[in-house]
Amino acid sequence: MMKRTRALAIVLLALMALSIIAGCSSKPSGSNAPAPAKKEPVKLTMWAYAPDNLEAKKALESIQEDFNKANTDIQIEIAAIPKDAWDQKLNTAIAGGVAPDISYLDQPLVPKWAKEATLLDLTPYADGKDGLDRKIYVPGALNTNLVGGKLYGVPLSMTAVALFYNKDLVPTPPATWDEWLAISKKVYVKGKVSAFEGPWGGGWGAWLFPAFAGTNGCYMSSADNSKVTFNEPQCVETAKFLNQIFQYNDMDVITSQEAFGAGKIAMKVSGPWDMAHYKQDFPKLNFGVALIPKKTQYASNIGGENLVVYKSTKNPEAAFKAIKWLTNVENSAKFAKVTGNFPVTLKAQEDPKWSSDPNMKVFAEQMKYALSRPQIDEWLKINDELLGSILDDMVQKGKDPKPLLDDAAAKANALIKK
């Protein structure tokens, strides 16, 4: 019996040994082991304005290429959409449920589209572990993305206006309203030299108006954006001051072709886009750029685009990662070359492209005081149709601005309450 038990144990041990050997030999080893399945990268679509020159086009293409090299887990495809077809194409895509993951968006549209639930609330991602360092951005640019304390985008490019002046007519630019008025009187030569161009009426003039009004502590809306405030005393005073400056102008002079470039206007307010124009087309023009003269504080307006993520995206985390990368210090400078505006990060503005040119350096300084537009759904309509429609009467014709501004404000506040 003991022999049988011992024999059975030997057989069992032999079987176990064979099983182990077979198991070892069946395992793939070394280079013969199959590679783990490769995870496909997340694919994102982004819409951008089609660049208007070859250099900007190449810059946009290089941004896409650099992103796809640096982010193997995410691949982005940037579609360049002509600006004159932008609104129609984007609205159609959103309505049809085929919006891009990411796109440019004009700053004043952010609050409207955020409240319509078109945009993704980025706050949870921005405030997370790998979130957004908000301190790297120019405050005025970042604020255009805040709606009700929540973040609905990141600034992509920005611009502001400053004072261009003809150095042959104005050796030292004015720093205050009083100096501005005194210089205007001095340089004016009837029929030959006008003191100052702008602001005109319409949407353009209304966009410029806050740049002047802000230097007198006048703001376009209340802090909570519940009402417009452009009819308050400081704003009325601003309109009256601009009319005083305008008395040292002749319409036939300031409306003549390229009046500033031809040396017929002493001062004008415009943006950095005019720098290359005057240097290239008017090489003999001796001009400089200064901060807009102040009454109580420095100020300017703000323009530009933001990057937003649409609520319909299937990859919100990847989309947030993408826009964070696209607007970091390095890429902020690259996008400025694409858009023709200034970079939105403070560090990028130290790039020699801007810091080494004394005039561009002024623009960088001016942008520190730029005021974001009101976060009011109907602001574009208010800007273009209400405020813009009365500027000519206040500034050029010298009509009492108080009743005009009161009427426009009443109509604007009625729109807000709808």
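The values are calculated or read from the model by the stated rules, or taken from the named source; none is laboratory data. The structure presented is a predicted model; accordingly, all values stated were derived computationally and were not measured. Positions of Cβ are backbone-derived with ideal geometry, glycine not excepted, and every protein chain shown enters the neighbour counts. We work out accessible area using only protein heavy atoms, side chains counted, and drop any ligands, DNA or RNA first. Shrake-Rupley method; radii C 1.70, N 1.55, O 1.52, S 1.80 Å.
On average over all directions, what projected area in square nanometres does the chain have, based on the convex hull of its Cα atoms?
Computed as one quarter of the Cα hull surface, the answer is 30.6 nm².
Could you run the Karplus curve 6.51 cos²θ - 1.76 cosθ + 1.60 with θ = phi - 60° over region 145-152 and give me ³J(HN,Hα) per residue in whole Hz, x for Gly and Pro?
Ordered by residue, 3J(HN,Hα) equals 9, 8, 10, x, x, 9, 9, 10 Hz.
Would you please give the residues with an amide H less than 5 Å from that of residue 42, counting only those at least 5 places away or on a separate chain, with H modeled from the backbone geometry?
Amide H to amide H, under 5 Å and 5 or more residues apart or across chains, residue 42 pairs with 74, 75.
With unit charges on the beta carbon (Lys/Arg positive, Asp/Glu negative), name the residue among 247, 225, 78 whose Cα is farthest towards the positive pole of the charge dipole of the chain.
78
Between residue 273 and residue 223, what is the label-point separation in nm under the 7 Å Cα-to-beta-carbon projection?
Spacing of the two 7 Å Cα→Cβ label points: 3.4 nm.
Give me the distance in nm between label points sitting 7 Å out from Cα along the Cα-to-Cβ direction at residue 134 and residue 54, one decimal.
4.4 nm
For the chain, take the longest principal axis of its alpha carbons; what is the angle in degrees between that and the long axis of helix 54-70, to the nearest 10 within 0 to 90?
30 degrees
Using the heavy atoms of the protein chains alone and a 1.4 angstrom probe, what is the accessible area of the chain per residue in square angstrom?
Ligands and nucleic acids excluded, the figure is 50 Å² per residue.
On C-alpha positions alone, give me the angle between the axis of helix 401-417 and the longest principal axis of the chain, in degrees, nearest 10.
It works out to around 20 degrees.
Quick one: net charge of residue 108's neighbours, Cβ under 15 Å, K/R +1, D/E -1? Spell out each step's value before the answer.
Working: positive: 112, 115, 373, 381; negative: 87, 106, 116, 305, 377, 378, 384, 385.
For residues surrounding residue 108, the net value is -4.
When the C-alpha atoms of region 83-185 are aligned to their principal axes, what extent does each axis show, in angstrom, from largest down?
58, 38, 20
Nearest 10 degrees is fine. How inclined is helix 329-339 to the longest principal axis of the chain, computing both from alpha carbons?
50 degrees
Positive end of the charge dipole of the chain (Lys, Arg +1 and Asp, Glu -1 on Cβ, about the Cα centre): tell me which of 235, 345, 302 has its Cα farthest that way.
After comparing all options, I get 345.
Mind checking which of 118, 255, 229 has the largest fluctuation in a GNM of the chain, springs on alpha carbons under 10 Å?
255
Once you order the gyration tensor axes a ≥ b ≥ c over the Cα atoms, which shape class does region 364-418 get: rounded for a/c under 1.5, otherwise prolate or oblate by comparing a/b with b/c?
oblate
In debye to the nearest 20, how big a dipole does the chain give about its Cα centre with +1 on each Lys and Arg Cβ and -1 on each Asp and Glu Cβ?
1680 debye
Reachable lysines from residue 43, Cα under 24 Å, same-chain residues fewer than 8 places away excluded?
Answer for residue 43, where 24 Å is the Cα cut-off: 57, 58, 69, 89, 129, 311, 314, 321, 324, 334, listed by chain and number.
How far, in nm, would the chain grow between residue 182 and residue 123 when pulled straight, counting 0.36 nm per residue and subtracting the alpha carbon separation?
16.3 nm
With the full set of protein chains in place, find how many percent of the accessible area of the chain is carbon and sulfur; take the probe as 1.4 Å.
It is 55 percent, rounded to a whole number.
Sticking with the crude label model, points 7 Å out along Cα→Cβ, report the distance from residue 361 to residue 298 in nm, one decimal please.
About 1.3 nm separates the two model spin labels.
What's the local net charge at residue 226, with K and R +1, D and E -1, over the other residues with C-beta under 14 Å away? Don't skip to the answer; put the middle values down first.
Values: positive: 115, 227, 417, 418; negative: 224, 377, 378.
Charge balance in the 14 Å sphere: +1.
Restricting to DSSP loop positions (anything but H, G, I, E, B) with no more than 10 other Cβ atoms inside 10 Å of their own Cβ, which trypsin sites (Lys or Arg not before Pro) remain in region 211-293?
Within region 211-293, the qualifying trypsin sites (Lys or Arg not before Pro) (loop, at most 10 other Cβ atoms within 10 Å) are 284.
So which of 150/418; 284/353; 112/368; 190/368 end up more than 30 Å apart, counting from Cα to Cα?
Numbers: 150/418 23 Å; 284/353 22 Å; 112/368 25 Å; 190/368 37 Å.
Where the Cα-Cα span goes over 30 Å, the pairs concerned are 190/368.
On each of the three principal axes of the Cα atoms of region 234-326, give max minus min coordinate, whole Å, ordered largest first.
Reported extents, whole Å, longest axis first: 58, 39, 23.
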